[in-house]
Amino acid sequence: MVNYKDLGLVNTREMFAKAMKGGYAIPAFNFNNMEQLQAIIQACTETESPVILQVSKGARQYANQTLLRYMAQGAVEYSREISGGKPIPICLHLDHGDSFETCKSCIEYGFSSVMIDGSHFPFEENIALTRKVVEFAHQYDVTVEGELGKLAGVEDDVKSDDHVFTQPSEVQAFLAGTGVDSLAIAIGTSHGAYKFKPGTDPKIRLDILKEIEEKIPGFPIVLHGSSSVPQDLVKIINENGGKLKDAIGISEEQLRLAAKSAVCKINIDSDGRLAMTAAIRKVFNEKPAEFDPRKYLGPARDALKELYKHKVINVLGSAGHAYDK
Ligand code: G3H
Ligand code: 13P
Ligand code: ZN
């Protein structure tokens with residue numbers, strides 16, 4: 001058993017309390033490899049933003065749980081090196097935990113926060129599973145995110161076309177029955193690069209968010225599926241041999257509004273995938289003789305870093321808040 005505190009990591013409690021007070025959201029960026037981790041830590045340390053490093057079950061299988069633990073520990077030291085003083089607050093979070101066992105294992109490997117995603121279970125089962133995770137996690141001061149409602153889109157290769165919006169009438173009972181530290185809600189965001197049908201009005205249900213906030217004032221809300229799918233990146237991909245048709249995301253304006261509200265954590269994965277893919281496709285297309293991975297992973301890392309800086313400065317508003325008292 002490794003405790004996250006010994007790795008220099010923090011849980012989400014203080015991060016969210018400050019984000020709620022300051023009217024911004026903490027970035028939750030997914031990572032699977034070293035270049036993504038470097039880009040996240042460089043961008044967030046240089047802009048002085050707290051950050052949640054997010055690892056899915058698939059990412060854990062891809063990268064290896066032991067390597068991940070050392071990578072997260074390394075990220076703290078790397079941030080210290082870049083800042084020349086204190087590292088930014090870094091949380092290591094399990095994204096979409098599917099079972100008690102996965103959550104327990106992550107906690108034992110040094111995660112400081114876990115999500116138990118019981119959203120596909122009936123309400124009472126979701127509560128029972130989530131409560132079991134909370135009871136275990138809180139013994140180690142690990143924070144827990146639960147979810148109510150269902151997002152459309154692709155998750156661990158399972159595709160769902162239907163949103164089931166979170167019902168504001170259920171949130172108080174869910175919080176009371178589980179003891180979770182934050183709540184992910186479904187208000188029309190979805191996973192992946194194809195969030196809306198072409199020709200429709202791509203809007204999320206900020207009205208439902210408002211109703212939820214009124215039921216649980218001051219409680220940290222999480223938004224999944226919050227990539228904006230920048231069209232300049234889609235264009236670069238398609239101009240360099242890619243085939244992404246009708247990829248549409250959430251407008252930055254709507255995310256900015258959400259970040260100012262009780263939304264304290266905004267999950268972004270697909271935009272990073274697009275930034276990396278665009279940069280790599282460009283190198284492959286323009287320099288077909290290149291075969292040193294550093295020559296395409298390097299530009300991909302630089303593009304990712306710029307994307308993350310843009311997010312924390314212009315969309316989430318978390319830049320400059322890393323060392324707030
Ligand atoms: O919500 C899903 C995240 O984007 C992680 O995706 O399960 O393919 O790693 P993944
Ligand atoms: P995107 O696919 O919109 O980036 O969402 C990521 C996410 O919600 C991870 O949990
Ligand atoms: Zn998600």
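Some observations on this one:
- Cβ-Cβ FRET estimate between ASP207 and HIS138, R0 fixed at 22 Å, reported to 0.05: 0.10
- The Rg/Rh ratio for segment 1-76, using Cα coordinates for both the radius of gyration and the Kirkwood hydrodynamic radius, is 0.97.
- Each residue in HIS224, HIS96, HIS310 was given a count of other beta-carbon atoms within 10 angstrom of its own, and listing them fewest first yields HIS310, HIS96, HIS224.
- Peptides ranked, highest mean first, by Cβ atoms within 10 Å: ranges 258-271, 235-248, 2-15: 258-271, 2-15, 235-248
- Proximity of backbone amide H atoms, modeled 1.01 Å from N, is registered between SER182 and VAL144, GLY146 at under 5 Å, excluding neighbours fewer than 5 places apart on the same chain.
- Cα centroid of segment 40-96 to Cα centroid of segment 258-325, whole Å: 14
- All-pairs alpha carbon distance profile, segment 1-139, 5 Å steps from 0, percent: 2, 10, 20, 22, 20, 14, 8, 3, 1, 0
- D by Stokes-Einstein for segment 69-110, Kirkwood Rh over Cα pairs, 4 °C, 1.567 mPa s: 111 µm²/s.
- Rounded to 5, percent antiparallel among DSSP beta bridges of the chain: 10
- For segment 192-267, alpha-carbon Rg relative to the globular expectation (2.2 N^0.38 Å, N residues): 1.30
- Karplus-derived 3J(HN,Hα), 6.51/-1.76/1.60, for each residue of segment 78-87, Hz, glycine and proline x: 5, 5, 4, 5, 5, 6, x, x, 8, x
- Amide hydrogen neighbours beyond the local backbone of ILE26, cut-off 5 Å, H modeled: LYS265, ILE266
- Sequence-ordered 3J(HN,Hα) estimates for segment 169-180 from the Karplus curve with 6.51, -1.76 and 1.60 and θ = phi - 60° stand at 5, 9, 5, 5, 5, 5, 5, 5, x, 10, x, 5 Hz, glycine and proline given as x.
- Candidate lysines for bridging to LYS150, where Cα separation is under 17 Å - those fewer than 8 sequence places away on the same chain excluded: LYS159, LYS195, LYS203
- For segment 197-282, size of Cβ-based charge dipole, Lys and Arg +1, Asp and Glu -1, in debye: 280
- Using the Stokes-Einstein relation with a Kirkwood hydrodynamic radius computed over Cα pairs, the translational diffusion coefficient of segment 130-277 at 20 °C and a viscosity of 1.002 mPa s comes to 131 µm²/s.
- The mean of 1/r over all distinct Cα pairs in the chain, once inverted, gives the Kirkwood hydrodynamic radius of 19.8 Å.
- Remark: segment 257-262, residue by residue, has Karplus-estimated 3J(HN,Hα) of 4, 4, 4, 6, 8, 6 Hz, where x stands for each Gly or Pro and the curve is 6.51 cos²θ - 1.76 cosθ + 1.60 at θ = phi - 60°.
- If you plug the beta carbon distance of ASP324 and PHE165 into 1/(1 + (r/R0)^6) with R0 = 35 Å, you get a FRET efficiency near 0.60.
- The simple Förster model, with R0 at 41 Å and r as the Cβ-Cβ distance, assigns GLU101 and ASN314 a FRET efficiency of 0.55.
Quick note: the coordinates plus some simple rules give every number you see, no bench work behind them. Not measured: the values here are computed from a predicted model. Here Cβ is always computed from backbone atoms with ideal geometry, including for glycine, and neighbour counts include all displayed protein chains.
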